[in-house]
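Enquirer: Take this structure, written in structure tokens, and hold onto it; I'll ask about it next.
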Amino acid sequence: MYNNGMIISALTIGRGFLIGASAIGIGALCYYGAGMSNEVGALEKAAFWPDYVRDRIKTTYAYLGASVALGAGTAIAVLRSPTMIRIVSGNSMMAIIGSMAAMIGSGMLCRSLPYEPGFGAKQLSWILHSSIIGAFVAPIAFLGGSIVIRAAWCTAGLVGGLSALAVCAPSEKFLNMGGPLAMGLGVVFVSQLASMFVAPATTLGVGLYAISVYGGVALFSALLLYDTQKVIKNAEHYPLYAARPYDPVNGSIGLYLDIVNIFIRLALIFSGGGNRRK
């Protein structure tokens, strides 16, 4: 037996936390967007950027857009293949470990390879990584087409607003959050992992769900702010004549993972997943 009131409270706290985080984000966007801060943001500095900084940022976001397109295309292809959908939808421990190994391993491989303009090993590993992420996101379509479309639009709006906030805020305002974000990522990851071994219709199970989903939206939104300012800083300060050229692919990977995690969690929220766990 479990306490239904405590379960509802856990979900309510999660929703309240997410609403509070959203309110803070909107307030910060209004504050920095209105120019009320005395510190200079990337938006003001952009007018003085040399062409190579603009090109670096433009290329990074071109890879990000292509990553989203690759992921979506792969997800559609997987949904059309009964064999592939069985593979990526597996709930066994071996399937879970295998999916995590594929996603983490392909990401590590891509980040480790040196970047060269054009098409080479780096670009091939980037295509592989983006496609693997898309493949394992495909089962989210089982929540329903309308829910997926709603989550996609809301993700686009949220990412746009957060990107605007990161650009308007002082240049390194969110780069100081690295330590707390790393700890928060650990909490969300452990909560998501532990929820696989706890009955969902219990107070503990719903509490872990709330941390993983509602807390995850807030966490990956903050990580998007961090990664956006990190991309801008690297583009500004990476040496023009370094031994290795500036790497836009690595910069885009972090943003891509942030967006995918936000999308998945919004889809779960819109599906009423919390209510079905009662």
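Enquirer: Here are Val260, Val213, Val217: which of them is open to solvent by 20 Å² or more (accessible area, probe 1.4 Å) and within 15 Å of the chain's Cα centre (by Cα)?
Expert: On the way: Val213 fails: open to solvent by 20 Å² or more (accessible area, probe 1.4 Å); Val217 fails: open to solvent by 20 Å² or more (accessible area, probe 1.4 Å).
Only one candidate passes the filter, namely Val260.
Enquirer: Just to be sure before I move on: is Val88 within 28 Å of Ala218 (Cα to Cα), modelled with pLDDT under 85, aliphatic (A, V, I, L, M) and open to solvent by less than 50 Å² (accessible area, probe 1.4 Å) in the structure I sent? Lay out the reasoning, then the answer.
Expert: Details: within 28 Å of Ala218 (Cα to Cα): yes; modelled with pLDDT under 85: yes; aliphatic (A, V, I, L, M): yes; open to solvent by less than 50 Å² (accessible area, probe 1.4 Å): yes.
Yes; evaluated as a whole, the condition is true for this residue.
Enquirer: Would you mention how many residues in region 177-189 are at pLDDT 80 or above and open to solvent by 50 Å² or more (accessible area, probe 1.4 Å)? Even if it seems obvious, please write down each step before you answer.
Expert: First pass over region 177-189, keeping only residues at pLDDT 80 or above: 180-189.
Adding the requirement that they be open to solvent by 50 Å² or more (accessible area, probe 1.4 Å) leaves 180, 182-183, 185, 187, 189.
Number satisfying all stated conditions: 6.
Enquirer: How many of the residues making up region 61-85 are β-branched (Val, Ile, Thr) and modelled with pLDDT under 85?
Expert: 2
Enquirer: Give region 154-175 a look and list any residue that's surrounded by fewer than 19 Cβ atoms within 10 Å (Cβ to Cβ) and either at pLDDT 80 or above or of a type in the set (A, V, I, L, M, F, W, C) (or both), or say none. Let's see the steps before the verdict.
Expert: Residues of region 154-175 that are surrounded by fewer than 19 Cβ atoms within 10 Å (Cβ to Cβ), as a first pass: 154, 156-157, 160-161, 163-164, 170, 172, 175.
Correct list: Cys154, Ala156, Gly157, Gly160, Ala164, Leu175.
Enquirer: For Ile262, are the conditions met, namely being modelled with pLDDT of 85 or more and in a helix (DSSP H, G or I)?
Expert: Values: modelled with pLDDT of 85 or more: yes; in a helix (DSSP H, G or I): yes.
Answer is yes for this residue.
Enquirer: Hey, can you tell me all the residues within region 128-153 that are in contact with a Cys (Cβ under 9 Å, 6 or more places away or on another chain) and either surrounded by fewer than 20 Cβ atoms within 10 Å (Cβ to Cβ) or farther than 21 Å from Leu79 by Cβ (or both)?
Expert: Leu128
The values are calculated or read from the model by the stated rules, or taken from the named source; none is laboratory data. Given the structure is predicted, the values throughout are model-derived calculations rather than measurements. Note: ideal-geometry Cβ built from the backbone for every residue, glycine included; neighbour counts use all protein chains shown. Surface accessibility is based on the protein's heavy atoms, side chains included, excluding ligands, DNA and RNA. Shrake-Rupley method; radii C 1.70, N 1.55, O 1.52, S 1.80 Å.
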